[in-house]
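S.K.: I have a structure here, written as structure tokens, and I will follow up with some questions on it.
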Amino acid sequence: MRSAPLLRGLFAATLALVAATAGISLGNAQAPAPEQSPTVAKVGARIITQAEVERRLASMPPFQLRYFGKTTEEIRKKFVEEAIVREALLAEGGEAEHLRDLPEVGERIRGVLRNALLAQIRAEASAQGPVTDEEVRAYYDKHQDKYHAPARIALWRILVASREEALEIIAQVKGDLSPKRWNEIARDKSLDKTNNMRGGNLGFVEPDGKTSDPNVKVDPALVQAAEKVKDSELVPEPVQEGSQWAVVWRRQSMKAVDRPLELEAPSIRQVLMHERTEQRVKDLVAELRKKHLGELHPELVELLAINSSGDVAPVRRPGTVPSARRPAAGSPAPTQAPGDLR
């Protein structure tokens, strides 16, 4: 009898191919019933109709069809024998071996159904009509920060109490202007304890002192001072911030962004169509959850660990010796071979 692994591979490949070429109807259109189209072949309970063959042939690019022959008659005959009938026979063999009951095959079948349903949802979202110009304009106006932004400078700052102390730090880092040395000094001396552990990194700062963090705004004088030096250069003089003084390192910069609606409209249409589809999926999942979700025990996944490489394994109990360090069971006692020295 054929080996189970071979049949599993064939059945999985058949499922994938059938799912890719079955042309699952989207909307209300349905494939012709067997009685509406002549029967070309019958494999087990599966009836292959003329309409199915025509649909399958039409879905294939011309360069692939040329593999099946030079004339129309040769292509049709060989395609039915080597593609459609072959697939049906392999699927029938998989059914005979009850491969549908295998967990991995069941997961593949569920994946095919899942993808078919998502394809139907996408088609329905498209059938709803194209994204209008008004919707595009509304999205553009709502997300102005994505398409318009002033020039920004990434700043690292060490904040101290006096100008003299700031000058001392400038003298120290001039001889070794490296992130490592800067971070050491920032952790030790910066008065801004909200970011001294990360080198006083303020992120990108706008001309008015705004940062990417809505809760953090700095004195615009920092930006004005940094504008006088190039990226990766140290501001040579301390910058006053209220009653304190800052040592400023300009790390990098970003040019101003000004992208007009005409340029962004195509990508906005894609985003809105994606959002429309995702909303349909969320609504459907919520509905299906109410109907079909019987049990859910998320706490059980705490027994699984995922390492940095993405490998999944059961969590080891405290005190368990890793398998690589466990002594081999039943290690034989050393024996004396003939001729060994005593």
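S.K.: Exposed (fewer than 13 other Cβ atoms within 10 Å of the Cβ) and either within 25 Å of residue 58 (Cα to Cα) or in contact with a strand residue (DSSP E or B) (Cβ under 7 Å, 6 or more places away or on another chain) (or both) - does that describe any residue in region 95-115? Lay out the reasoning, then the answer.
M.R.: If we filter region 95-115 for residues that are exposed (fewer than 13 other Cβ atoms within 10 Å of the Cβ), which is where we start, we get 96, 98, 101, 103-104, 106-107, 110, 113-114.
If we keep only those that are either within 25 Å of residue 58 (Cα to Cα) or in contact with a strand residue (DSSP E or B) (Cβ under 7 Å, 6 or more places away or on another chain) (or both) too, we end up with 113-114.
Yes - at least one qualifying residue is present in region 95-115.
S.K.: Oh, and also: Scan 127, 138 and give me the residue that is among the small types (Gly, Ala, Ser) and either at pLDDT 95 or above or surrounded by 12 or more Cβ atoms within 10 Å (Cβ to Cβ) (or both).
M.R.: One residue alone meets the criteria, 138.
S.K.: Working only within region 162-198, note down all residues that are within 37 Å of the chain's Cα centre (by Cα), among the charged types (D, E, K, R) and more than 18 Å from residue 243 (Cα to Cα).
M.R.: 180, 181, 184, 187, 198
S.K.: Sticking with this one: Checking the structure you have, find out if any residue of region 62-74 is surrounded by 13 or more Cβ atoms within 10 Å (Cβ to Cβ), out of contact with any Ser or Thr (no Cβ under 7 Å at 6 or more places or on another chain), among the polar types (S, T, N, Q) and at negative phi. Full working, then the answer.
M.R.: Let us first name the residues in region 62-74 that are surrounded by 13 or more Cβ atoms within 10 Å (Cβ to Cβ), namely 65, 68-69.
The next check asks that each one be out of contact with any Ser or Thr (no Cβ under 7 Å at 6 or more places or on another chain); those that pass are 65, 68-69.
Within this subset, residues satisfying the condition of being among the polar types (S, T, N, Q) are none.
No: region 62-74 contains no residue that is surrounded by 13 or more Cβ atoms within 10 Å (Cβ to Cβ), out of contact with any Ser or Thr (no Cβ under 7 Å at 6 or more places or on another chain), among the polar types (S, T, N, Q) and at negative phi.
S.K.: Scan region 198-255 for residues that are under 22 Å from residue 171 (Cβ atoms) and among the hydroxyl-bearing types (Ser, Thr, Tyr) and jot them down.
M.R.: Once the filter is applied, which keeps residues that are under 22 Å from residue 171 (Cβ atoms) and among the hydroxyl-bearing types (Ser, Thr, Tyr), region 198-255 yields only 232.
S.K.: Can you list residue pairs whose Cβ atoms sit under 9 Å apart, with the first residue in region 161-183 being touching a residue at least 60 places away in the same chain (Cβ under 8 Å) and the second being part of a helix (DSSP H, G or I) and of a type in the set (Lys, Arg)? Count only pairs 6 or more apart in sequence or on different chains.
M.R.: Here the result reads 165/189; 169/189; 173/181, each pair linking region 161-183 to a residue that is part of a helix (DSSP H, G or I) and of a type in the set (Lys, Arg).
S.K.: Name every residue in region 147-157 that is in contact with a Phe, Trp or Tyr (Cβ under 8 Å, 6 or more places away or on another chain) and either part of a strand (DSSP E or B) or closer than 20 Å to residue 225 by Cα (or both), in order of residue number.
M.R.: Matches in region 147-157: 152, 153, 154, 155, 156, 157.
S.K.: Which residues, counting only those in region 96-123, are among the charged types (D, E, K, R) and either under 16 Å from residue 269 (Cα atoms) or over 24 Å from the mean Cα position of the chain (by Cα) (or both)?
M.R.: Those that are among the charged types (D, E, K, R) and either under 16 Å from residue 269 (Cα atoms) or over 24 Å from the mean Cα position of the chain (by Cα) (or both): 97, 100, 101, 122.
S.K.: Could you go through region 53-63 and let me know if any residue there is touching a helix residue (DSSP H, G or I) at 6+ places or on another chain (Cβ under 6 Å) and of a type in the set (Phe, Trp, Tyr).
M.R.: Checked region 53-63: no residue is touching a helix residue (DSSP H, G or I) at 6+ places or on another chain (Cβ under 6 Å) and of a type in the set (Phe, Trp, Tyr).
S.K.: Give the residue that is farthest from residue 84 (Cα to Cα), with candidates limited to residues of region 36-69 that are in contact (Cβ under 8 Å) with a residue 40 or more places away in the chain and either small (Gly, Ala, Ser) or outside the structural domain of residue 82 (by TED's automatic domain parsing) (or both). Reasoning before the result, please.
M.R.: Initial filter on region 36-69 (in contact (Cβ under 8 Å) with a residue 40 or more places away in the chain): 40-41, 43-44, 46, 48.
This time we only want the ones that are either small (Gly, Ala, Ser) or outside the structural domain of residue 82 (by TED's automatic domain parsing) (or both), so: 41, 44.
On the way: 41: 9, 44: 14 Å.
So, considering only residues that are in contact (Cβ under 8 Å) with a residue 40 or more places away in the chain and either small (Gly, Ala, Ser) or outside the structural domain of residue 82 (by TED's automatic domain parsing) (or both), the one farthest from residue 84 (Cα to Cα) is 44.
S.K.: Counting only residues that are outside any helix (DSSP H, G or I) and of a type in the set (Gly, Ala, Ser), which one in region 276-305 is surrounded by the most Cβ atoms within 10 Å (Cβ to Cβ)?
M.R.: Out of the qualifying residues, it is 305.
S.K.: What number goes with the only condition from (1) closer than 28 Å to residue 146 by Cβ; (2) under 36 Å from the mean Cα position of the chain (by Cα); (3) surrounded by fewer than 18 Cβ atoms within 10 Å (Cβ to Cβ) that residue 201 does not pass?
M.R.: For residue 201, the failing item is (3).
The values are calculated or read from the model by the stated rules, or taken from the named source; none is laboratory data. Bear in mind the structure is a predicted one, so any value in this text is a computation, not a measurement. Cβ atoms come from the backbone with ideal geometry, glycine included; neighbour counts cover every protein chain shown.
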